[in-house]
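> This is the structure, below, for whatever I ask next.
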Amino acid sequence: MFGEAIATHAERRSEARFPIIRTAKLVYGDVEMPCVLRDISNSALRVRIYDAIPADTQPIELEFGDGDRHAVELVWQRDGHAGLRFPQFADLRALVGEKGPFRKRAIRIGVELSSSITVLGSKHEVKIEDISHQGARIVSDHPLAMDQQLRIALPSLGEVYAVVRWREHPGYGLAFLETFRFEEVAHMAGNLQAISRIWRREHPRQGIVRPAPSQPERRAVNG
């Protein structure tokens with residue numbers, strides 16, 4: 001048995017590893033952690049992480065912007081990187097391609113954050129339901145028009161200008177006029193989710209509403 005384990009380990013180490021840069025997120029419990037794939041083989045991968053993953057965390061899923069998900073296990077983490085392996089042999093092409101239920105889009109972090117928007121000099125309360133470095137999805141009782149410009153207050157990130165790219169009242173998709181770097185939102189993801197947990201405790205009947213695969217009155221955007 002020991003000899004077989006050594007042989008298996010040697011075989012895995014000998015697998016070809018390919019450099020790759022692709023954004024994704026690790027999902028476990030109520031945490032969604034942005035990450036960047038750095039290199040990959042058919043049984044393991046190395047990712048850049050922006051916060052420590054608690055020891056013995058399971059299950060963990062790796063999710064891409066197109067909604068495609070893969071089960072992974074944590075092997076090691078140090079110096080802002082983590083080694084992950086696939087419990088079952090993975091299709092390398094599926095990891096470097098895109099075949100999920102959504103079109104290619106920025107990595108979104110599901111949250112529930114109280115915020116406000118300023119439209120034509122008037123301020124209105126809204127709730128942020130997901131955020132990426134390119135945009136956000138909000139719920140607003142105040143009706144908004146397509147392509148309407150506004151300012152939105154983002155907890156921990158400040159106030160930014162945005163434009164309405166899709167709407168299904170009371171839900172709206174915003175694209176930031178000046179986008180953040182992916183690393184900026186990745187570094188703040190843990191703090192944003194901590195604020196979100198406090199909101200959920202104060203509003204126990206509320207839940208995160210995930211976007212449907214298709215939505216009416218939408219336009220292709222970068223957010």
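The values are calculated or read from the model by the stated rules, or taken from the named source; none is laboratory data. None of these values were measured; they are calculated from a predicted model. Cβ placement follows ideal geometry from the backbone for every residue including glycine, while neighbour counts extend to all protein chains displayed.
> How about the stretch 121-160: which of its residues are farther than 21 Å from A106 by Cα and of a type in the set (G, A, S)?
Scanning the stretch 121-160 gives G121, S122, S140, A145.
> Take the stretch 37-66 and flag every residue that is surrounded by fewer than 18 Cβ atoms within 10 Å (Cβ to Cβ), within 14 Å of R22 (Cβ to Cβ) and in contact with a Phe, Trp or Tyr (Cβ under 9 Å, 6 or more places away or on another chain).
D39, D66
> Which of the residues belonging to the stretch 47-61 are over 21 Å from R181 (Cα atoms) and not polar (S, T, N, Q)?
Our first condition is that a residue be over 21 Å from R181 (Cα atoms); within the stretch 47-61, this holds for 53-61.
Result: I53, P54, A55, D56, P59, I60, E61.
> A follow-up question, please. Could you grab me the full set of residues in the stretch 65-86 that are part of a loop (DSSP other than H, G, I, E, B) and in contact with a Gly (Cβ under 6 Å, 6 or more places away or on another chain)?
Start the filter on the stretch 65-86 by keeping residues that are part of a loop (DSSP other than H, G, I, E, B), which leaves 65-68, 79-80, 86.
Within the stretch 65-86, D66, G67, D68 meet the criteria.
> Something else: Select, from R105, R165, the only residue that is part of a strand (DSSP E or B) and basic (K, R). Full working, then the answer.
Working: R105 fails: part of a strand (DSSP E or B).
Only one candidate passes the filter, namely R165.
> Same structure again: Looking only at the stretch 131-153, which residues are farther than 14 Å from R165 by Cβ, touching a Ser or Thr at 6+ places or on another chain (Cβ under 7 Å) and in a strand (DSSP E or B)?
R151, A153
> Within the stretch 177-195, is there a residue that is farther than 24 Å from G80 by Cβ, out of contact with any helix residue (DSSP H, G or I) (no Cβ under 8 Å at 6 or more places or on another chain), in contact (Cβ under 8 Å) with a residue 12 or more places away in the chain and outside any loop (DSSP other than H, G, I, E, B)?
So far as the stretch 177-195 goes, no, none of its residues is farther than 24 Å from G80 by Cβ, out of contact with any helix residue (DSSP H, G or I) (no Cβ under 8 Å at 6 or more places or on another chain), in contact (Cβ under 8 Å) with a residue 12 or more places away in the chain and outside any loop (DSSP other than H, G, I, E, B).
> Could you look through the stretch 107-118, keep only residues that are in contact with a Leu (Cβ under 8 Å, 6 or more places away or on another chain) and at pLDDT below 95, and pick out the one that is surrounded by the fewest Cβ atoms within 10 Å (Cβ to Cβ)? Spell out the reasoning first.
Pass one, the stretch 107-118, residues in contact with a Leu (Cβ under 8 Å, 6 or more places away or on another chain): 109, 111, 113, 115, 117-118.
Okay, now just the ones that are also at pLDDT below 95, so 109, 111, 113, 115.
Details: I109: 24, V111: 24, L113: 22, S115: 18.
Filtering first and then ranking leaves S115.
> If you check every pair at least six apart or on different chains, which have Cβ atoms under 9 Å apart with a residue in the stretch 36-55 that is in a loop (DSSP other than H, G, I, E, B) first and a residue that is surrounded by fewer than 18 Cβ atoms within 10 Å (Cβ to Cβ) and basic (K, R) second?
These pairs meet every condition: S41/R12; S41/R17; S43/R12; S43/R85.
> Can you tell me which condition R200 does not meet? The list is (1) at pLDDT 85 or above; (2) in a helix (DSSP H, G or I), and all the others hold.
Checking R200 against (1) at pLDDT 85 or above; (2) in a helix (DSSP H, G or I), the one that fails is (1).
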